[in-house]
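The values are calculated or read from the model by the stated rules, or taken from the named source; none is laboratory data. Note that the coordinates shown come from a computational prediction; the quantities given were computed from them, not determined experimentally. Don't worry about glycine lacking a Cβ; one is built from the backbone with ideal geometry, like all the others, and counts go over all protein chains shown.
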Amino acid sequence: DVKVTQSSRYLVKRTGEKVFLECVQDMDHENMFWYRQDPGLGLRLIYFSYDVKMKEKGDIPEGYSVSREKKERFSLILESASTNQTSMYLCASSLNPGAAFFGQGTRLTVV
Amino acid sequence: KQEVTQIPAALSVPEGENLVLNCSFTDSAIYNLQWFRQDPGKGLTSLLLIQSSQREQTSGRLNASLDKSSGRSTLYIAASQPGDSATYLCAVMNRDDKIIFGKGTRLHILP
């Protein structure tokens, strides 16, 4: 079975902190994704990576950056966390093309 | 830009009924369409994947259909059970490998 693991289930950070959300997949998938999910807005794509060191902006990249130094790991970085980045963050991976598999989510609260 | 719409946004039905959830998308140039289930506070669980060349997929009590030319998919749930209560999400993988989601249908099965 595909396993996508996010480093934390719950995080509380202070405004202005630099925040790292980590995601690891164990199925050698080319594609990895970061989404945020908010009530009434659904899942919105933040960034997408189709290979090591390759990335593309999604619909809402402002305030975020990503890093993919190894195929299995995709990190989402909040350079200076703000309260409007309080959300559920979901990581996914897929083959190119193929079915997407999701991690368990990280609920981030910025205070 | 791909847009995915799910109707209805919420649905309550008595246990034992058959039901249909709807998904529509604006750009038919897709690789595949995937249906997910999400329980409150949790990640997404993949239910069914339909490749663009396929018309339907079945898994147990679930059947998903795809009409790519009209930009529509349905998820049919037979003999609904209280354990089916969840949010159901539809997602399409575009030709650029990005995965775009609808906002979901919240399903409540009444015992």
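Laid out as a table, the results:
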| quantity | calculated |
| --- | --- |
| Qualifying position, being modelled with pLDDT under 95 and assigned to a strand (DSSP E or B), among B:Thr74, B:Thr87, B:Thr45 | B:Thr45 |
| B:Phe36 being free of Cβ contacts under 8 Å to residues at least 60 places away in the same chain and buried (at least 19 other Cβ atoms within 10 Å of the Cβ) | yes |
| Filter result for the condition that a residue is farther than 23 Å from A:Gly103 by Cα and either more than 9 Å from every other protein chain (Cβ to nearest Cβ) or β-branched (Val, Ile, Thr) (or both), over B:Ser80, B:Ser59, B:Ser85 | B:Ser80 |
| Qualifying residues in the range B:90-101 (those that are facing chain A (nearest Cβ under 7 Å) and not in a strand (DSSP E or B)) - the one modelled with the highest pLDDT | B:Lys98 |
| Residue count, the range A:21-38 (criterion: of a type in the set (A, V, I, L, M, F, W, C) and either exposed (fewer than 14 other Cβ atoms within 10 Å of the Cβ) or not in a strand (DSSP E or B) (or both)) | 1 |
| Top-ranked residue in the range B:16-36 [being β-branched (Val, Ile, Thr) and in a strand (DSSP E or B); ranked as farthest from B:Tyr76 (Cα to Cα)] | B:Ile30 |
| Enumeration of residues in the range B:41-77 that are among the aliphatic types (A, V, I, L, M) and closer than 20 Å to B:Leu11 by Cβ | B:Leu44, B:Leu47, B:Leu48, B:Leu62, B:Ala64, B:Leu75, B:Ile77 |
| Qualifying residue in the range A:11-27 (condition: within 20 Å of B:Asn94 (Cα to Cα) and aliphatic (A, V, I, L, M)) | no |
| Residue, surrounded by the fewest Cβ atoms within 10 Å (Cβ to Cβ), within the range A:60-111, restricted to residues that are of a type in the set (S, T, N, Q), within 29 Å of B:Arg95 (Cβ to Cβ) and more than 14 Å from chain B (Cβ to nearest Cβ) | A:Ser65 |
